[in-house]
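One structure is given below, encoded as structure tokens.
The values are calculated or read from the model by the stated rules, or taken from the named source; none is laboratory data. For clarity, every value in this text was computed on a predicted model and none was experimentally measured. FYI the Cβ positions are ideal-geometry reconstructions off the backbone, even for glycines, and counts take in every protein chain you see. We work out accessible area using only protein heavy atoms, side chains counted, and drop any ligands, DNA or RNA first. Shrake-Rupley method; radii C 1.70, N 1.55, O 1.52, S 1.80 Å.
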Amino acid sequence: MNRNSNTYTIVYSTILVVIVAAVLAFVSVKLGPTQQANIDNEKKAALLAAVGVNVEDSQVSKTFDQVVNDAFLVDEAGNKVEGDAFKTDLKTQYDNMRLGKPFVLPVYECTLANGTQVVLLSAYGAGLWGPIWGYISLEKDLETIHGVSFAHQGETPGLGAEIVNPKFMAKFAGKKAIKDGACVFSVVKGEVKDESCQVDGITGATLTSRGLSDMIGSWFEKYIPYLNKCKVEE
Amino acid sequence: MEYLSIFVKSIFVDNMIFAFFLGMCSYLAVSKNVKTAAGLGLAVVFVILVTLPINYLLNEYLLKPGALSWLGEGYADLDLSFLSFIIFIAVIAAIVQIVEMVVEKFSPSLYNSLGIFLPLIAVNCAVMGASLFMQQRDYANLGEATMFALGSGIGWFLAIVALAAIREKLAYSKVPAALKGLGITFIVVGLMGIAFMAFSGIKI
Amino acid sequence: MDSEIWKKPLFKGNPVTVLVLGICSALAVTVQLKGACIMALSVMVVTAFSSLFASLLRNTIPNRIRIIVQLVIVALFVILVDQILKAYVYSVSKMLSVYVGLIITNCIIMGRIEAYALGNKPLDSFVDGLFNGMGYGLVLVTLAFFRELLGSGTLFGWQIIPESWYAAGYLNNGLMIMPPMALILIGCIIWIQRSIQKDLQDK
């Protein structure tokens, strides 16, 4: 067999490629569901953290089903629309918002173990280096923050990445987010003027803090039509 | 504005060498004098600039979830992203090979100065890394991806030329025997990295 | 089997500190011990199996596309490792992000295939690959040990530095978490190694 002939080279590479592709496709199909479950699980854990529920990884899915009564999408006018809230990609909606295209917002209604009812909202925006996103839950009055959980892609460790520090996130609870139908909440740098609706940002991470503040402000603004509707119904 | 920001960021803040350690092997091996370092640096800029847009298009229209929807509705759910490593590396290896042949044929003088580095570049992590970062960061369009490619390449080029210049001078300094050569080079690169950290926090 | 096959790559011929191979993909994963251990394991698996397969195929590979064939073999194992990490240790795979993919371009693997596997028997190549991966992992884990301990006061995420030290004014060294510190630490490891093994010193 001549190892340098063209035919041999071509046949050899074809066989190799076919075998490799087959093995990879098989593995990817086999492991795909487990991988997707991990991704879903992570998102559920983040959502649960925002309502103040922290459980073991193995319990996340079960707890999530217990806590979340209803999940749905609302449009910019505050009307419920068709769709799966959990599968809605926040980045796509964020891009649509910026481009002025129609968008939808996921809403989760939750009941905690002690009977407290909260509404869980989502947010997505730009930090210093990459996207930051998070979930924010509101008390039954639809004005006060119950809890938050944030995540980021590439903020500086020790500075911007501190937004995911539980100590930082704990500062948000109890703050007034919305007053008279407008978002009043902000993350400020330096001096907190109004304790009731401001959180002190992270030292050394001005731009990430500002991004976080803008993100919360802009998404709340989009949610306000829906929140107002809820209040009227009550 | 977006382009400029990606460009500057990928040169200084997300520098392939100082922030991500990519392409270290050839970086340390070929930085003994400025001239060869510049040659390798140029070759890297060139290869990243050619391969990254190709990989971007492949990722956009072949690999990422839903990328095949241009073939019709039935293909919209396909997700071939598990093939991305192999496709990226194949593209890089193939391009490097083609570039080598083209350069050899049409510009023997360029081949003599660049050519010896080309085979090294196929396994240069900076090239592969750039493609993987491009995929992870999900750039909005081809222009952004190309800007990122150019910036990363130039960042790598600057880093290797700077290190080579320092190493040339280092020959005249008194370094403890056990630290000579490799050891001190690592420490120098570390210190340069700390200097480059000053750039983080800049937003354009 | 010659015991040099496995002794050499661990110390005297360590791929990272002596041969300067494969530094690229891995320094950024040494902030935490857990990530470093998984990375070290992944690299060991990939080097061992790609050496094994390259050696099995060594008499059939067409010379002209040798490099590409090697890359395909390596890429195959890297993708397998990546898929498995994503499925079973998702949090770690997120932390390692693109660096798993970069194992493909880790020069150790290609280097061992070219230099050893293509000319030796499969079993020897497997052992050679395994221990070269281990030599690499050894450096990785050492680095991660110091970086996590000094940078965050933890090991594998467990608090090691007692609270009372912090109360007494001890602070974590934030610089240890930053990427450049990994390079400086490697410099120090090389310094120590070469002080012991004088024959490695540059003239």
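Here are a few things to note about the model shown:
- Across q = 0.21 Å⁻¹, region C:34-191 modelled as identical point scatterers on its alpha-carbon atoms has Debye log10 I(q)/I(0) values of -1.26, in the order of the q list.
- Against the empirical curve 2.2 N^0.38 Å, the C-alpha radius of gyration of region B:8-92 lands at a ratio of 1.44.
- Here region A:167-227 has 50 percent of its accessible surface on carbon and sulfur atoms, given a 1.4 Å probe and all protein chains in place.
- Solvent-free Debye scattering, log10 I(q)/I(0), computed from the Cα coordinates of region A:1-154 at q = 0.15, 0.20 Å⁻¹: -0.86, -1.30
- Excluding ligands, DNA and RNA and using a 1.4 Å probe, chains C and B jointly bury around 3500 Å² of accessible surface, summed across both partners.
- The share of accessible area on region B:43-146 that comes from carbon and sulfur is 66 percent, using a 1.4 angstrom probe.
- Most mobile listed residue (B:Leu63, B:Leu150, B:Leu170) in chain B, GNM with C-alpha springs under 10 Å: B:Leu170
- Taking every alpha-carbon pair within region C:85-167, the share separated by more than 20 Å comes to 55 percent.
- Along its principal axes, chain B has C-alpha extents of 68, 46, 32 angstrom, given from the largest down.
- Highest-MSF residue in chain A out of A:Val187, A:Val11, A:Val199 [GNM, Cα springs under 10 Å]: A:Val11
- The residues of region C:134-197 expose on average 49 square angstrom of accessible surface per residue, using a 1.4 Å probe on protein heavy atoms.
- By the combined test of axial Cα extent (at least 20 Å) and Kyte-Doolittle hydropathy (mean at least 1.6), the qualifying DSSP H helices of chain C come to C:33-56, C:66-88.
- Within the protein assembly as shown, percent of DSSP bridges classed antiparallel, to nearest 5: 90
- A simple spin-label model places pseudo-atoms 7 Å from Cα toward Cβ; at A:Gln153 and C:Asp199 they are separated by 5.1 nm.
- Contact surface A-C: accessible area buried, both sides summed, square angstrom, 1.4 angstrom probe: 2000
- Accessible surface computed residue by residue for region B:1-120, with neighbouring protein chains in place and a 1.4 Å probe, gives 46 Å² per residue.
- Cross-link partners for B:Lys64 among the aspartates and glutamates, with Cα-Cα distance under 14 Å and sequence neighbours closer than 8 places in the same chain left out: B:Asp77, B:Asp79, B:Asp138.
- Applying both filters, DSSP loop and at most 11 other Cβ atoms within 10 Å, to the chymotrypsin sites (Phe, Trp or Tyr not before Pro) of region B:146-204 gives B:Tyr172.
- Set B:Lys32/C:Lys7; A:Lys167/A:Lys222; A:Lys80/A:Lys229; A:Lys167/C:Lys34; A:Lys140/A:Lys171; A:Lys222/B:Lys9 screened for pairs whose C-alpha atoms are more than 22 Å apart: B:Lys32/C:Lys7; A:Lys167/A:Lys222; A:Lys167/C:Lys34; A:Lys222/B:Lys9
- For region A:45-111 and region B:59-116, distance of Cα centres in Å: 37
- Burial of 30 Å² or greater, region B:72-93 residues [accessible area, probe 1.4 Å, versus chain by itself]: B:Phe82, B:Phe85, B:Ile86, B:Ile89, B:Ala93
- Computed over protein heavy atoms with a 1.4 Å probe, the accessible surface of region A:21-113 works out to 54 Å² per residue.
- With q set to 0.10 Å⁻¹, the log10 of I(q)/I(0) for the protein assembly as shown, from the Debye formula over equal scatterers at the Cα positions, is -1.00.
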